[in-house]
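Novice: Structure provided below as structure tokens; questions to follow.
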Amino acid sequence: MRDLIQQSDSMTGISSRQAAKPALRAGIIRVFLNWAAQRAEKNTKDRRGGRNFPGQQNRFRSLRGGNGRSGGYFSSTGQSLEPKSSKLLAWLLCGAAILLSAGCASTREGIIDDLRETQYFTPASFTGEPRLPVGLRRVLLLPVYGGTQMPAETARSLEEVFAAELQRQVRFEVVRLSRTECQRRFGAPEFSSAAALPHDFLAVLGREFGADGVLFVDLTTYRAYRPLALGVRAKLATVERTRLVWSFDEVFSADNPAVSNSARRYYAATDPAGVPMKAGHGALQSPGKFASYVAAATFNTLPPR
């Protein structure tokens with residue numbers, strides 16, 4: 001299962017060349033139309049100026065209509081030749097219009113994609129005090145609870161991700177209770193925030209670790225294949241007087257466009273290589289990277305200091 005957390009993060013995003021296709025197509029069509037117009041104008045001027053091409057000296061003659069206006073240019077059989085340029089230009093314009101309509105469709109699809117990318121996910125299923133209590137300076141992070149959703153090894157790997165994101169918040173000092181220590185002291189490697197706790201659990205942790213608060217993190221949903229999904233239930237409780245300061249319960253699923261956009265934006269903003277957002281699909285393929293986004297989005301809802 002660790003391989004699922006550390007799998008390759010190959011990029012499958014839209015390349016810049018693909019994004020530039022509509023503009024390139026429109027530019028080619030404009031050059032084509034300019035060439036066609038110049039060619040037609042040149043042919044018309046050559047004929048009206050009396051220029052004859054080799055072998056054609058006797059094929060054309062100018063006639064003037066009875067109303068005094070130029071009657072155009074005709075072959076020796078009396079068939080008009082001047083409209084040929086117009087017909088050619090008309091056909092070229094029709095072809096260009098077809099190509100341009102296809103380009104417009106591609107551009108419209110690109111605009112729709114850009115609009116979709118402006119939709120970002122904001123967690124709403126949480127509650128907390130307006131600010132962290134003044135005395136809450138040191139918080140003990142319990143082992144992440146995976147329950148039956150995942151093997152213990154996967155929960156252990158994701159625990160490292162959540163611990164790293166919590167420390168980046170710099171809301172308080174973070175200390176951790178290892179699974180081994182939890183097993184030794186309380187007879188279980190992890191505890192759910194929704195289950196019964198050992199007697200004086202918070203009080204013992206407060207005394208042993210000098211903690212002002214205890215943070216529970218339960219993983220309620222886990223899908224390691226696309227579309228990725230991770231559900232989080234978290235609670236922050238004070239040791240003294242045992243009250244909830246903050247609680248969170250949300251499911252993040254990559255099949256939600258707002259969630260996938262937010263994950264790609266987070267990946268693009270935090271990746272050392274400076275990956276563009278459009279190429280940030282690695283966050284939607286790697287459970288570990290997706291979990292980093294989920295952990296950051298979760299702990300961003302903690303009350304401010």
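Read the figures in this text as sums done on the coordinates, not as results from a lab. Please read all numbers here as calculations on a predicted model, not as lab measurements. Note: ideal-geometry Cβ built from the backbone for every residue, glycine included; neighbour counts use all protein chains shown.
Novice: What residues have an amide H closer than 5 Å to that of residue 245, excluding those fewer than 5 places away on the same chain, when H is modeled at 1.01 Å from N in the peptide plane?
Specialist: Amide H neighbours of residue 245, under 5 Å, 5+ apart: 236, 237, 238.
Novice: Just to check I understand the Karplus step: with θ = phi - 60° and J = 6.51 cos²θ - 1.76 cosθ + 1.60, what whole-Hz values come out for region 243-250, glycine and proline as x?
Specialist: Karplus values, whole Hz, x for Gly and Pro: 10, 7, 9, 7, 9, 9, 8, 8.
Novice: Short version: ³J(HN,Hα) in whole Hz for each residue of region 291-297, in order, from phi by Karplus 6.51 cos²θ - 1.76 cosθ + 1.60 (θ = phi - 60°), x for Gly and Pro, what are they?
Specialist: Coupling constants for region 291-297: 5, 4, 4, 4, 4, 5, 5 Hz.
Novice: Relative contact order, percent, of region 136-197 when contacts are C-alpha pairs under 8 Å separated by at least 6 residues?
Specialist: On the way: 60 pairs, mean separation 26.9, N = 62.
RCO, region 136-197: 43 percent.
Novice: If you count, for each residue, the other Cβ atoms within 10 Å and average over each peptide, how do 177-190, 287-300 line up from highest to lowest?
Specialist: 287-300, 177-190
Novice: Using θ = phi - 60° and the Karplus curve 6.51 cos²θ - 1.76 cosθ + 1.60, what whole-Hz ³J(HN,Hα) does each residue of region 181-198 get, with Gly and Pro shown as x?
Specialist: For region 181-198, the Karplus-derived couplings read 5, 5, 4, 5, 7, 10, x, 8, x, 7, 9, 8, 6, 9, 9, 5, 9, x Hz, x marking Gly and Pro.
Novice: Let me ask something additional. Given R₀ = 35 Å, FRET efficiency for residue 221-residue 134 by Cβ-Cβ distance, to 0.05?
Specialist: Numbers: r = 35 Å, r/R0 = 1.00.
The value I calculate is 0.50.
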